[in-house]
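Input: a single structure, listed below in structure tokens.
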Amino acid sequence: MKKILAVLSACTVLAALAGAVPEVVESAVPASETVPVMTRSYNESVSGSGSLAYIGQRDITSALPLVIKRFCVGEGDIVAVGDTVAVVDKDGTASLIESLGQVSQLAVAAANLSTAVALIPEKVTADCSGRVISTAADGAAVESGYSIATVAPSDSLVISAAVSENDIARVCEGQSVVFRCAAYPDEIFTGKVSRIASAARSQYNGAVLETVVDIQVKPDEEDERLKSGLSADIEVQLSDPHMICVVPYNAIGQDDAGEFVYVYEDGKAVRREIFTGAEFSDGTEVIKGVSAGEELFYSPEEIEGRSFIRSGDKNVGSN
């Protein structure tokens, strides 16, 4: 009888140990965190960058480098074609030309500095009409081709912005635009596309030469903070705002079959194929495969192929 009891006791111990094995295994498996599928308002847009300027504004320049003795006009003054804008310091300009070793294109035939010096004007006159927007300073040395003064025939500000040739087909006059200026990074301004250039051009984006098309954006409201010359980043709105599902990048896996996630569903981690859309700094739009509020597992590549995982305090199967 004692032997039988001993055997029964041993069997009981072994059964208890066997029952504890899964718990030991479960506790040894790292917990996988989950995140809910979030929603946000989104509308598709085309981006570009440029700067503010008055419609029709022009720079008054000179073919020769000049030293300005004094200006005869100031910001806000109205000038007509032929009006004197500034008086030139001829001696200072002669010294500047000599120091630069430059000969104006107007003096190429003579090809000597004395001819260039002889061409120095006594004054700078306006070659366009309008309101003076800005001038160089008295005594300033202005290089050939650079702005001596800027004149605008209109008080209307617009943004001249460059849009990639890959996006321009989706841009139309009248579309709504939101824009930000570096001077006011926390402010959002609105406007409308008022003009699209009839030809493309090339420009460098860093070291890359790209083809762009210039567009004009007219701000919806006059704002004294908006000034000619300020840089602006624009977003042309292509659609009305609508709600989309957004998933963090580290909850999305990718293999030969495509992109996928693991969803916590009926006590299991279930793999689902997904299709993604717009990208953001904190995640990407999921067009198909998940719904708002569903729980997704982080690091899906680590879950792939495992038969058992833990989600916090929950024990979860995987398939």
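Would you point out which residue out of I68, I78, I55 is modelled with pLDDT of 95 or more and closer than 30 Å to K192 by Cβ?
Unique residue meeting the criteria: I78.
So, in the stretch 211-256, how many residues would count as being assigned to a strand (DSSP E or B) and either in contact with a helix residue (DSSP H, G or I) (Cβ under 6 Å, 6 or more places away or on another chain) or among the aromatic types (F, W, Y) (or both)?
Residues flagged as assigned to a strand (DSSP E or B) and either in contact with a helix residue (DSSP H, G or I) (Cβ under 6 Å, 6 or more places away or on another chain) or among the aromatic types (F, W, Y) (or both) within the stretch 211-256 amount to 2.
I'd like the full set of residues that are modelled with pLDDT of 90 or more, in a strand (DSSP E or B) and either open to solvent by less than 40 Å² (accessible area, probe 1.4 Å) or of a type outside the set (K, R) (or both), limited to the stretch 28-40.
V35, P36, M38, T39
If I ask for residues that are loosely packed, with under 15 Cβ neighbours inside 10 Å and not charged (D, E, K, R), which ones from the stretch 130-139 would you list?
A137, G139
Name the single residue that is surrounded by the fewest Cβ atoms within 10 Å (Cβ to Cβ) among those in the stretch 60-75 being of a type outside the set (A, V, I, L, M) and part of a strand (DSSP E or B).
Out of the qualifying residues, it is R70.
Taking the stretch 208-225 only, how many residues are aliphatic (A, V, I, L, M) and modelled with pLDDT of 95 or more?
Of the residues in that region, 4 qualify.
Quick one: in the stretch 183-207, which of the residues that are under 22 Å from G229 (Cβ atoms) and of a type in the set (S, T, Y) is most open to solvent (accessible area, probe 1.4 Å)?
The qualifying residue most open to solvent (accessible area, probe 1.4 Å) is Y204.
Each row is one residue, and each column tells you yes or no for (1) basic (K, R); (2) at pLDDT 95 or above; (3) more than 14 Å from G48 (Cβ to Cβ).
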| site | (1), (2), (3) |
| --- | --- |
| N112 | no, no, yes |
| A118 | no, no, yes |
| V132 | no, yes, yes |
| G174 | no, yes, yes |
| R195 | yes, yes, no |
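Can you find a residue in the stretch 41-49 that is in contact with a Phe, Trp or Tyr (Cβ under 9 Å, 6 or more places away or on another chain) and farther than 18 Å from K192 by Cα?
For the stretch 41-49, residues in contact with a Phe, Trp or Tyr (Cβ under 9 Å, 6 or more places away or on another chain) and farther than 18 Å from K192 by Cα: present.
The values are calculated or read from the model by the stated rules, or taken from the named source; none is laboratory data. From a predicted model like this one, the values you see are computed outputs, not experimental measurements. Quick reminder, even Gly has a Cβ in these numbers, built from the backbone with ideal geometry, and neighbours come from all protein chains shown. Just the protein is used for accessible areas: all its heavy atoms, side chains included, with ligands, DNA and RNA removed. Shrake-Rupley method; radii C 1.70, N 1.55, O 1.52, S 1.80 Å.
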